[in-house]
1. Starting from the coordinates of the alpha-carbon atoms of the range 190-327, obtain the Kirkwood hydrodynamic radius over all distinct pairs and give the value in Å to one decimal.
2. Percent of accessible area on the chain owned by carbon and sulfur, 1.4 Å probe?
3. Tell me the net charge near C386. Cut-off is 9 Å between Cβ atoms, C386 excluded, with +1 for each Lys or Arg and -1 for each Asp or Glu.
4. Suppose we look only past 16 Å in the calculated P(r) of the range 298-406. What percent of the Cα-Cα pairs does that tail hold?
5. Excluding ligands, DNA and RNA, what is the solvent-accessible area per residue of the chain at a probe of 1.4 Å, expressed in Å²?
6. Just the number, please: percent antiparallel of the DSSP beta bridges in the range 1-144, rounded to the nearest 5.
7. If you take every DSSP beta bridge whose two residues both sit in the chain, what share of them, in percent to the nearest 5, is antiparallel?
8. Once Rh for the chain is found with the Kirkwood sum over Cα pairs, what is the Stokes-Einstein diffusion coefficient at 10 °C and 1.306 mPa s, in µm²/s?
Amino acid sequence: MNDAIEIKKDIYYLGVSDPDIRTFDIIMKTANGTTYNSYLIKTDEGVIILDTVKEEFSDEFFSKIESICSYEDIKCIVMHHLEPDHSGALPELALRAPDAKIYLSPMAQPMLKSIAKTDNMEFETVWTNKELKLGSKTLKFLSTPHLHWPETISSYLVEDNILFSGDVFGSHYYDKRLFNDLVGDFEYSFKYYYDHIMRPFKSDVIKALSLYETLDIDTICNLHGPIIRDNPQKYMNLYKEWSSTSQRLHGKKIISIFYVTSYKNTKDMAQNMYDGVEADENLIANIYDLTALDEQNMLTILEESTGILIGAPTINGDVPKPVWDLLSCMMLLEKKGKFGGCFGSYGWSGEAVEMMNSRLKALKFRVPLAPKKIKLIPTKEELLECYDFGVEFGEIVNGKMMEMTL
Ligand code: FEO
């Protein structure tokens, strides 16, 4: 399929299909393959290209451009996102269309140089309310950072009510019928994509939605999967619903305590911390044995919790695997505003507690208390210290106490 497809008058789809890809970005399964979407706007003063495609699909991409215009016609290239699946063909496009100016966010500027391997590209940085006018078309830019890279932007074609959303509202779902009202049921893929790509940036999703909501959008041209021309509001509402999860239950903040235990010592510490947290009637404490929790449940619990405490003994100088599983699934989670703390009983060296604590700090949790370590079997006094640890952690999460910086 080497001809561009007209999706509205003078607006063309230049995207390419990758139906056989089965894993994307290492972490995502792609049972239906994917697409790398790109668009072309034709005006009486020249052409705007919006994003390119993965490098290995360049030939098909350039054939599509050539089916519409000559390279001399291309005046502007808008890059909403510079990840290689969208910028792969950019260096070659810039060579073929030397008169084109590249529009991108200020954050993207240093990256552009390393992608293009040249300083000879003319570019302009853009942000919310800046406009690009070419012939009869007006493209308004929107700053939508962290969706899902720091440099991402969106744009809105005023005359045609089209939102070019970048990866936002994408799906890894190839279907040659192209439009959301014609393709098969891709909703599982739309949610899966959100969970893996956008969920860690929920607060940025909400900010982007507040910009989108000021616009009259009848079509969403995203960078992966079906173009959304039927009921775009439905998809915006879904993003709003998924990004608005409250971290409160019945108006109370949640602190979740996760532990693994060999001889019940770390479990006893966890239980006393739980009791300490529960002493505050404005908090809800949860306690979980990690050996019986699967990843989806971990994510749901983590998302709802304002504070988390993790306890583990040290085994062979390391943290036991169920705890690493918990710590690694946090890459799919927004950590902004969350508190963390660690504890554990140990026999000899006891490195696990510091390892977990370092990992929470690296993930940008606020870690206000020194980790709590107890050698082997906690005494009554030490269990009381665990209770106090729970009380103090709870007070910090609830904002009652000045947070200590450690
Ligand atoms: Fe589709 Fe973030 O690249």
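1. Here the Kirkwood hydrodynamic radius works out to 17.7 Å.
2. For the chain, the apolar C and S fraction of the accessible surface comes to 51 percent.
3. -4
4. 58 percent
5. Per residue, the chain has an accessible area of 43 Å².
6. Looking only at bridges with both residues in the range 1-144, the antiparallel portion is about 65 percent.
7. So the antiparallel bridges amount to about 45 percent of the total.
8. 68 µm²/s
The values are calculated or read from the model by the stated rules, or taken from the named source; none is laboratory data. Treat the numbers as computed from the prediction; the structure is a model and nothing was measured. For neighbour counting, all protein chains shown are included, and Cβ atoms are generated from backbone atoms with ideal geometry for every residue, glycine included. With ligands, DNA and RNA removed, areas are computed over all heavy atoms of the protein, side chains included. Shrake-Rupley method; radii C 1.70, N 1.55, O 1.52, S 1.80 Å.
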